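**Q** First, the structure itself, so that you have it in front of you.
The values are calculated or read from the model by the stated rules, or taken from the named source; none is laboratory data. For clarity, every value in this text was computed on a predicted model and none was experimentally measured. Glycine gets a Cβ as well: all are built from the backbone with ideal geometry, and neighbour counts include every protein chain shown.
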Amino acid sequence: MITLKSKREIELLTVAGNIVYKTHKYLLPYIKEGIKTNELDKLAEDFIRSQGATPSFKGYNGFPTALCISINSEVVHGFPSNRKLKNGDIISIDIGACYKGYHGDSAWTYAVGEISEEKKYLLEHTEKSLFIGLEQVKPGNRIGDIGAAIEAYAKEHKLGVVRELCGHGVGVNVHEDPEVPNYGMKNTGSRLKEGMVIAVEPMLTLGSPRIFVHDNNWTVDTEDGRPSAHFEHTVVVTADGYKILTGE
Ligand code: MG
Ligand code: MG
């Protein structure tokens, strides 16, 4: 069921989204060669709690940590570990925070040191595809308009679209209806209405979009081992478009 959020709910979702945004900003100077991904997880969890919030993903269906940290070919749901970041890695950090029962959700892919030209291309165009998708977010448009725009942009730039994972509604649950696929047909799916809150989150690959799941039953990786990137914002549908809750 898709819910429309009240003014008060949107205020709480705005605070939650802002905490997620500030956590990304807080982590940025630490994303360097040599740091272990579980050190980033600890920093983020402490920061989220210092803001009066809790990490949305920790304990979600048994997920073990505050952050999902996915490196290079890993698409999403990587477990923070003793693994150290290396120069040339790309690292997707997905952050969820819950404030007074309301969630924010945002993922960003970062470069560690100097990365290859093809990884730069992947990051630039996956980030762009998020905003191309968001341009479709306005009352009267439909969910399929978002996916169709992302898919067309990815195709134009010869990037693969991971189809098994989607964006989603956000509210008292970090994942709510509707599903927001990164592919689809224009003019199909639920109609967007003022007060809906959704996360749009393209996951694009340099090679094939085919994926597999690691033995930990969580971490999603590309089948061909080629890099993938993930950019996500939580937004509220406004009277004439959208407002990003997990940005500045
Ligand atoms: Mg996320
Ligand atoms: Mg999400």
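**Q** Based on this model, can you work out whether Asp94 counts as touching a residue at least 12 places away in the same chain (Cβ under 8 Å), buried (at least 17 other Cβ atoms within 10 Å of the Cβ) and touching a Cys at 6+ places or on another chain (Cβ under 7 Å)? Reasoning before the result, please.
**A** On the way: touching a residue at least 12 places away in the same chain (Cβ under 8 Å): yes; buried (at least 17 other Cβ atoms within 10 Å of the Cβ): yes; touching a Cys at 6+ places or on another chain (Cβ under 7 Å): yes.
Spelling it out, Asp94 is indeed touching a residue at least 12 places away in the same chain (Cβ under 8 Å), buried (at least 17 other Cβ atoms within 10 Å of the Cβ) and touching a Cys at 6+ places or on another chain (Cβ under 7 Å).
**Q** Name the residues in segment 197-225 that are of a type outside the set (Phe, Trp, Tyr), on the phi < 0 side of the Ramachandran plot and out of contact with any Gly (no Cβ under 7 Å at 6 or more places or on another chain), would you?
**A** Start the filter on segment 197-225 by keeping residues that are of a type outside the set (Phe, Trp, Tyr), which leaves 197-211, 213-217, 219-225.
Of the ones still in play, those that are also on the phi < 0 side of the Ramachandran plot are 197-211, 213-216, 219-224.
The answer is Met203, Leu206, Arg210, Ile211, Val213, His214, Asp215, Asn216, Val220, Asp221, Glu223.
**Q** Can I ask one more? Within segment 203-235, can you find the residues that are more than 14 Å from ligand 1 (Cβ to nearest atom), crowded, with 16+ Cβ neighbours inside 10 Å and under 23 Å from Leu67 (Cα atoms)?
**A** Selection gives Leu204, Thr205, Ile211, Thr219, Asp221, Thr222, Arg226, Pro227, Ser228.
**Q** In contact with a Cys (Cβ under 7 Å, 6 or more places away or on another chain) and not aromatic (Phe, Trp, Tyr) - does that describe any residue in segment 171-179? Even if it seems obvious, please write down each step before you answer.
**A** Initially, segment 171-179 is screened for residues in contact with a Cys (Cβ under 7 Å, 6 or more places away or on another chain), giving 179.
From the residues that got through so far, the ones that are not aromatic (Phe, Trp, Tyr) too are 179.
Yes, segment 171-179 contains a residue that is in contact with a Cys (Cβ under 7 Å, 6 or more places away or on another chain) and not aromatic (Phe, Trp, Tyr).
**Q** Looking at segment 73-99, which of its residues are hydroxyl-bearing (Ser, Thr, Tyr), away from ligand 2 (no atom under 16 Å from the Cβ) and out of contact with any Lys or Arg (no Cβ under 8 Å at 6 or more places or on another chain)? Working first, answer last.
**A** To start, the set of residues in segment 73-99 that are hydroxyl-bearing (Ser, Thr, Tyr) comprises 73, 81, 92, 99.
From what is left, the residues that are away from ligand 2 (no atom under 16 Å from the Cβ) are 73, 81, 99.
Selection gives Tyr99 alone.
**Q** I'd like to check something: does segment 22-30 contain any residue that is at positive phi, of a type outside the set (Ser, Thr, Tyr), exposed (fewer than 13 other Cβ atoms within 10 Å of the Cβ) and at pLDDT 95 or above?
**A** We begin by selecting, within segment 22-30, every residue at positive phi; these are none.
Scanning segment 22-30, I find no residue that is at positive phi, of a type outside the set (Ser, Thr, Tyr), exposed (fewer than 13 other Cβ atoms within 10 Å of the Cβ) and at pLDDT 95 or above, so the answer is no.
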